[in-house]
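Novice: Let me begin by handing over the structure; questions about it come next.
The values are calculated or read from the model by the stated rules, or taken from the named source; none is laboratory data. For clarity, every value in this text was computed on a predicted model and none was experimentally measured. Don't worry about glycine lacking a Cβ; one is built from the backbone with ideal geometry, like all the others, and counts go over all protein chains shown.
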Amino acid sequence: MSTTQTESIDSSLNDLDLQSNEQVLEHLLQSQERAVAAVRQAKSMLDSAVSAASLRLSTGQGRLVLAGAGASGRLAVQDGAELWPTFGWPHERLLLKMAGGSAALLASIEDVEDDSSGAIDDVKQNAINSNDVVVAVAASGESAWTCSWLEQARLQGALTIGMANNQRTRLLNGADCPVWLDTGAEVLAGSTRMAAGTAQKIALNTFSTTLMIRLNRTYGNLMVDMAAVNKKLDRRRIRLLQGVLPHLNDGEAQMAIDAAQGWVKLAALLASGDDVAQGKERLVAHQGSLRDALSARCAENTG
């Protein structure tokens with residue numbers, strides 16, 4: 001019986017339980033380093049996926065969908081859940097799909113990953129269409145629910161991105177943009193929450209962050225669309241605004257932040273002379289790019 005890489009057994013570790021803690025930790029750390037290397041090797045595939053996804057989503061209509069089962073699904077949902085607080089990505093443009101639903105986020109419900117018909121029905125019920133981008137993740141690359149979700153989404157016109165840790169698998173073959181994460185055998189044979197999971201986490205994180213940068217959700221390395229609210233982040237907003245406009249003192253920055261109701265992008269334009277309506281219109285006119293909006297505002301001032 002043929003064995004995929006993620007299911008293969010490393011015979012050199014047959015005595016793992018007899019080794020010292022330090023030795024076991026070293027094996028595990030080396031496997032985590034392989035995960036980083038695997039994502040680096042997949043950089044060109046991630047580049048292609050980001051380019052295609054940003055083109056599709058830049059129209060302002062489509063949704064970003066992240067889907068998976070088991071550990072892979074939990075990682076996908078976790079990454080997606082951070083897009084609103086970090087980048088202000090609208091809730092209505094984000095869809096997080098987990099085999100077994102929200103209950104499977106907190107407890108393992110293993111049989112649901114075989115439910116192909118349920119996945120197909122779910123895609124249809126969510127009216128996936130040509131405006132949408134679907135990222136489906138499965139370490140094996142063969143999980144029936146995940147593969148069926150991606151395949152049906154592609155049939156309905158969505159751009160599909162598949163991330164898997166085994167090459168030439170159903171998920172990668174069915175995706176418009178395949179991303180192969182070559183992590184090899186696990187220290188604990190078949191436990192893909194380990195090196196495979198780490199590679200998935202890194203790939204999802206680097207993909208989504210680069211995508212949000214391309215969709216004008218940042219200014220340089222500043223989170224100017226940040227939406228989360230708490231006391232720590234209130235202070236961060238002032239620092240972010242001063243990163244954009246270094247001449248502002250704390251009081252001036254706070255006044256602009258308050259007038260913009262916490263939106264750093266808009267606050268930068270208010271501090272530069274726009275009123276609220278002008279600032280919002282300017283951001284729309286420049287596809288959300290604060291850099292372009294500020295350049296236009298500066299040109300008006302000097303003109």
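Novice: Out of the helices (runs of 4 or more DSSP H) lying entirely within region 216-303, which hold 2 or more residues that are under 31 Å from the mean Cα position of the chain (by Cα) and in contact (Cβ under 8 Å) with a residue 24 or more places away in the chain?
Specialist: Working: elements: 231-244, 250-259, 264-271, 276-285, 290-302.
Hits in region 216-303: 231-244, 264-271, 290-302.
Novice: Looking only at region 89-103, filter to residues that are of a type outside the set (Lys, Arg) and surrounded by 20 or more Cβ atoms within 10 Å (Cβ to Cβ); which one of those is nearest to Met226 (Cα to Cα)? Before the answer, list the steps.
Specialist: Residues of region 89-103 that are of a type outside the set (Lys, Arg), as a first pass: 89-92, 94-96, 98-103.
Subsequent filtering for residues that are surrounded by 20 or more Cβ atoms within 10 Å (Cβ to Cβ) retains 89, 98-100.
Working: Trp89: 9, Met98: 25, Ala99: 29, Gly100: 31 Å.
Looking at the filtered set, the residue picked out is Trp89.
Novice: Follow-up question, since we're still on this one. Is one or more of the residues making up region 80-94 assigned to a strand (DSSP E or B), within 27 Å of Asp234 (Cβ to Cβ) and within 11 Å of the chain's Cα centre (by Cα)? Can you show your working first?
Specialist: Start the filter on region 80-94 by keeping residues that are assigned to a strand (DSSP E or B), which leaves 94.
If we keep only those that are within 27 Å of Asp234 (Cβ to Cβ) as well, we get 94.
Those left that are additionally within 11 Å of the chain's Cα centre (by Cα): 94.
There is at least one residue in region 80-94 that is assigned to a strand (DSSP E or B), within 27 Å of Asp234 (Cβ to Cβ) and within 11 Å of the chain's Cα centre (by Cα).
Novice: Taking region 219-238 on its own, how many of its residues are more than 19 Å from Gly279 (Cβ to Cβ) and of a type in the set (Val, Ile, Thr)?
Specialist: Number of matching residues: 1.
Condition check ((1) loosely packed, with under 13 Cβ neighbours inside 10 Å; (2) within 30 Å of Gln156 (Cβ to Cβ)) across all residues:
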{"residue": "Ser12", "(1), (2)": "yes, no"}
{"residue": "Gln32", "(1), (2)": "no, no"}
{"residue": "Leu57", "(1), (2)": "no, yes"}
{"residue": "Gly62", "(1), (2)": "no, yes"}
{"residue": "Val65", "(1), (2)": "no, yes"}
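Novice: Can you say whether Val276 is within 23 Å of Arg214 (Cα to Cα) and either modelled with pLDDT under 95 or not assigned by TED's automatic domain parsing to the domain that holds Gly60 (or both), as far as the supplied structure shows? First the steps, then the outcome.
Specialist: Numbers: within 23 Å of Arg214 (Cα to Cα): no; either modelled with pLDDT under 95 or not assigned by TED's automatic domain parsing to the domain that holds Gly60 (or both): yes.
No.
Novice: On the given criteria, is Ala153 within 25 Å of Gly60 (Cβ to Cβ) and assigned to a helix (DSSP H, G or I)? Reasoning before the result, please.
Specialist: Numbers: within 25 Å of Gly60 (Cβ to Cβ): yes; assigned to a helix (DSSP H, G or I): yes.
Answer is yes for this residue.
Novice: Right, Thr198: in a helix (DSSP H, G or I), in the same structural domain as Ser31 (by TED's automatic domain parsing), surrounded by fewer than 23 Cβ atoms within 10 Å (Cβ to Cβ) and free of Cβ contacts under 8 Å to residues at least 24 places away in the same chain or not?
Specialist: Working: in a helix (DSSP H, G or I): yes; in the same structural domain as Ser31 (by TED's automatic domain parsing): yes; surrounded by fewer than 23 Cβ atoms within 10 Å (Cβ to Cβ): yes; free of Cβ contacts under 8 Å to residues at least 24 places away in the same chain: no.
So Thr198 does not fit the description; no.
Novice: Still on this structure: crowded, with 22+ Cβ neighbours inside 10 Å, in contact (Cβ under 8 Å) with a residue 12 or more places away in the chain and part of a loop (DSSP other than H, G, I, E, B) - does that describe any residue in region 201-208?
Specialist: no
Novice: Given the residues Ser72, Ser117, which is the only one that is touching a residue at least 60 places away in the same chain (Cβ under 8 Å), closer than 17 Å to Ala136 by Cα and out of contact with any Leu (no Cβ under 6 Å at 6 or more places or on another chain)?
Specialist: On the way: Ser117 fails: touching a residue at least 60 places away in the same chain (Cβ under 8 Å).
Answer to the selection: Ser72.
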